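**Student:** Below are the structure tokens for one structure; questions will follow.
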Amino acid sequence: MLIVAGHIMVDPQQRASYLADCVRVVEQARRAPGCLDFSITADLVDTGRIVIFERWASRTAVEAFRGDGPSDEQNAAILSASVAEYDVAGERSLT
């Protein structure tokens, strides 16, 4: 399993429109083969922070979905980013 997690920073006044532009991407990701979870959400405390969380069955699945990545318009709106991939060898349910 592969987890992609972190955050991006955008101008607080642009956050709502940035997230609205991500709805289609989230819908597509969740339908993609190998996608276990995919979320792009507003941080509850920092008005310019957007939280990224993805869970994929394999690196092959995430690479097949990712393609060229964010659009030029989305890239231009990102002030900074801290997102990483984590290879997961096992999991334990907490529920």
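The values are calculated or read from the model by the stated rules, or taken from the named source; none is laboratory data. Small disclaimer: the values here were computed from a predicted structure and weren't measured. Glycine also receives a Cβ, built like all others from the backbone with ideal geometry; neighbour counts cover every protein chain displayed.
**Student:** Give the number of residues within the range 1-24 that are over 23 Å from R55 (Cβ atoms) and acidic (D, E).
**Tutor:** 1
**Student:** Pick from L79, L2, L44: which is in contact (Cβ under 8 Å) with a residue 60 or more places away in the chain and more than 15 Å from the chain's Cα centre (by Cα)?
**Tutor:** Being in contact (Cβ under 8 Å) with a residue 60 or more places away in the chain and more than 15 Å from the chain's Cα centre (by Cα) holds for just one of L79, L2, L44, which is L79.
**Student:** Okay, next question. Quick one: in the range 1-55, which of the residues that are small (G, A, S) and surrounded by fewer than 17 Cβ atoms within 10 Å (Cβ to Cβ) is farthest from S80 (Cα to Cα)?
**Tutor:** Filtering the range 1-55 for residues that are small (G, A, S) and surrounded by fewer than 17 Cβ atoms within 10 Å (Cβ to Cβ), the one farthest from S80 (Cα to Cα) comes out as A32.
**Student:** A follow-up question, please. All but one of (1) surrounded by fewer than 15 Cβ atoms within 10 Å (Cβ to Cβ); (2) modelled with pLDDT under 95; (3) under 14 Å from the mean Cα position of the chain (by Cα) hold for R59, so report the exception by its number.
**Tutor:** R59 satisfies all of (1) surrounded by fewer than 15 Cβ atoms within 10 Å (Cβ to Cβ); (2) modelled with pLDDT under 95; (3) under 14 Å from the mean Cα position of the chain (by Cα) except (3).
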